[in-house]
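Report on the following structure.
The values are calculated or read from the model by the stated rules, or taken from the named source; none is laboratory data. The structure displayed is predicted, hence computed values, not measured ones. Positions of Cβ are generated from backbone atoms using ideal geometry, with glycine treated the same way; all protein chains shown enter the neighbour counts. Side chains included, ligands, DNA and RNA excluded: accessible areas come from the protein's heavy atoms. Shrake-Rupley method; radii C 1.70, N 1.55, O 1.52, S 1.80 Å.
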Amino acid sequence: MRHVLPLFSRAALLATVTAISGIPSALAMDAGSTGADGAFNPTVNTEVQLPESGILNYTTVNIPAGITVRFKKNSANTPAYLLASGDVVIAGNLDVAGEDAKPTGTYGDGILGDDAIPGSGGPGGYTGGRGGRDDTQQRAAVIRGGAGLGPGGGPGGIEGNDGCSPLGYYKYVGIGGAHAANTYRYSGGCSNTPSAFGKNYGSSLLQPLAGGSGGGGGRGGTAYPGSGGGGGGGAILIASSGTLRVTGAINARGGDGGGILGAGIGGQGAGGSGGAIRLMATRVEGNGSLLAEGGCIHYNNNGRQRCTYDGGNGQGGSPGRIRIEAEAITFSGTSAPAYVRDIPGAVFIAGAPTLRIVSVGGQAVPAETTGIADVVLPASASEGPLQIGFETRNVPVGNVVNLRAVPAYGTAVEAASPAIEGTAAVGTAQASITLPAGPSTLQATTTYTVIVAALNDEALGDRLSRLAQNERVEKVEVTVSMDGGATAKLITASGRSFDLPYTDIAAVGFRG
């Protein structure tokens, strides 16, 4: 039996993307496109292969009405970045949505071979959790549903009959994936509101650009598995040096949990969270649709049912984020959720701190991981401790890395490394851990504190204070994770704290 470790990390991508400066508001937007990919004018439904960087450099883009464009994910599963030196017109459909999970039991197509299979995330998004296996004895280790992948992945359903758990939710169903909001669920006689199960992540600046997380899979039944969770919506940036007109649709919705039907079925998987849409141009106009809502479930032969993600009788994923940056914005179409508007900023921000796993049990980990069998170890790997190697960039030495191994079924295992060695530019660390049997996903974080006064930049202190309700910021606590980028906590002289994405403080000039 092989021991498979699906590792997922897109933080490493930040170190390889070239920064493109934002343009002052008095000037036209510069998307930074080289034009190397020419004009993009599809006349039939098209799937575009994303390059390894995820960046497509066009001169102009014109997607006619009635035409749908999708993207084939690259090996690193990056978001899609469309840069154009000229105008962009989207009259058709640009689709980066997460996939629906497959139907289970006698629901839908009646095909049993794909039962419990979750939906894949869109480009830059994460896959849903697998449905728990069927078992006549209802053993916990067999029937537990898999958690959705991603920093806001929803938990899977657990053993037990219908009814409330002590936390106030029906425990046999999956929980929706989170992104711009936390997710939880309760139903029927469950009077208690539980703490959040899926945690929100990412930045309203959409720097870095992050897709949605997968919904949790349902627990298995006696005769059929539970259904899988929906995939998280993908992430897309479209930057035009001219006019960007949307009269069609850009779809970054999360996928639905799979439908279930039949005697002895398991629980239902939940929806993936919505992805991210960032539009940048000199002018943005049109009356089309921008969609980054969370997925729901497939129920009674209809999709997008029971979409609530924050309590109630729903199994939906949370919404993602939409942002429009332009000198002139006259877009009057649908935006779900509502978009944030601003003048153009930087297309990419470089120099953010990053963390990645470089080795597992002596085996090298690919620089760009996919989340699917990135490292395969012998079954004996679960019999004793393994050394997990880490690499940090732009992280001070002396801090520790906290490691978490999340198995497809069962309880997560945690460990901590000794202090990071090397330099702030490039550091290394190792942690020892005994992995559970079967496939596991490895997650890691490191946290450090920067004293603002030590930076000798009074102007920066003033800019940080504006992010803390004009209180003087004494310390910045930075947390770097593999799958969610970096976050920051501003701690003021009065002891108050303000949690922000790292990119928000980077946007005002913080580096540390």
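Among rounded, prolate and oblate, which fits the chain when a ≥ b ≥ c are the square roots of the eigenvalues of its C-alpha gyration tensor, a/c under 1.5 means rounded, and a/b larger than b/c means prolate?
Working: a/c = 1.61, a/b = 1.17, b/c = 1.38.
Because a/c hits 1.5 or more and a/b fails to exceed b/c, the chain counts as oblate.
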Worksheet item: So, in Å, what gap is there between the alpha-carbon centers of region 441-466 and region 65-81?
Response: 35 Å
Practice prompt. Give me the percent of DSSP beta bridges within the chain that run antiparallel, rounded to the nearest 5.
Written response: 50 percent
Practice prompt. May I ask for the net charge around A141, where only other residues with Cβ less than 11 Å from the Cβ of A141 are counted and Lys, Arg are +1 while Asp, Glu are -1?
Written response: +1
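Could you sort T78, T334 by their accessible area in this structure, using a 1.4 Å probe and putting the largest first?
Working: T78 0, T334 75 Å².
Descending accessible area places them as T334, T78.
If you take every residue apart from V340 with its C-beta less than 15 Å away from the C-beta of V340, what net charge results, scoring Lys and Arg +1 and Asp and Glu -1?
Details: positive: R278, R321, R323, R341; negative: E325, D342, D504.
Taking every Cβ under 15 Å from that of V340, the sum is +1.
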Fill in: Count of lysine pairs in the chain with Cα separation under 26 Å (8 or more residues apart, or interchain)
9
Worksheet item: What percent do you get for the relative contact order of the chain when only Cα pairs under 8 Å and 6+ apart count?
Response: 16 percent
Discussion item. Compute the distance from the alpha-carbon center of region 310-340 to that of region 345-362, in whole Å.
Written reply: 28 Å
Worksheet item: Based on the alpha-carbon gyration tensor of region 117-271 and its eigenvalue square roots a ≥ b ≥ c, which shape applies: rounded if a/c is under 1.5, prolate if not and a/b is larger than b/c, or oblate?
Response: prolate
Fill in: Karplus 3J(HN,Hα) series, Hz, for region 350-364 with 6.51 cos²θ - 1.76 cosθ + 1.60 (x for Gly, Pro)
9, x, 6, x, 9, 9, 8, 8, 10, 7, 9, x, x, 8, 5
Worksheet entry | For region 203-212, 3J(HN,Hα) per residue [Karplus equation, 6.51 cos²θ - 1.76 cosθ + 1.60, θ = phi - 60°, Hz, x = Gly/Pro] | 10, 5, 6, 6, 10, x, 6, 10, x, x
Practice prompt. Rounded to the nearest 500, what is the 222 nm mean residue ellipticity of the chain from helices alone, with -39500 (n - 2.57) per DSSP H run of 4+ residues and division by all residues?
Written response: -1000 deg cm²/dmol
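Run the numbers on region 91-166 and let me know its relative contact order in percent, using alpha-carbon pairs under 8 Å that are six or more apart.
Working: 127 pairs, mean separation 15.0, N = 76.
Normalised by residue count, the contact order of region 91-166 is 20 percent.
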Practice prompt. Quick one: which residues, 5+ away or cross-chain, put their amide H under 5 Å from the amide H of L94? H built at 1.01 Å from N.
Written response: V69, A249, I250, N251
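Summing +1 for each Lys or Arg and -1 for each Asp or Glu, what net charge is found among the other residues whose Cβ lies under 11 Å from the Cβ of A116? Spell out each step's value before the answer.
Numbers: positive: K102, R130, R133, R219; negative: D114, D115, D134.
Local charge sum for A116: +1.
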Response to the item:
For V48, the residues 5 or more places away or on another chain with a placed amide H closer than 5 Å to its own amide H are R70, F71, K72
Worksheet item: Amide H neighbours of D457 under 5 Å, counting only residues 5+ apart in sequence or on other chains, H built in-plane at 1.01 Å?
Response: none
Worksheet item: If you plug each phi of region 250-260 into the Karplus form 6.51 cos²θ - 1.76 cosθ + 1.60 with θ = phi - 60°, what whole-Hz ³J(HN,Hα) values come out, in order, with x for Gly and Pro?
Response: 10, 10, 10, 5, x, x, 7, x, x, x, 10
Worksheet item: Which FRET efficiency value, to the nearest 0.05, is calculated for A419 and Q137 with the Förster distance at 41 angstrom and r the Cβ-Cβ distance?
Response: 0.30
Item to complete: Whole Å is fine, so just give me how far the alpha carbon centre of region 489-512 lies from that of region 212-265.
Response: 33 Å
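Relative contact order for region 409-512: what is it in percent, counting Cα pairs under 8 Å that are at least 6 residues apart? Walk me through the numbers before you get to the answer.
Working: 138 pairs, mean separation 19.5, N = 104.
Averaging sequence separation for qualifying contacts and normalising by length gives 19 percent for region 409-512.
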Practice prompt. Using only the Cα atoms of region 178-230, build the gyration tensor, take square roots of its eigenvalues as a ≥ b ≥ c, and label the shape rounded, prolate or oblate: rounded if a/c is under 1.5, else prolate if a/b is larger than b/c, else oblate.
Written response: oblate
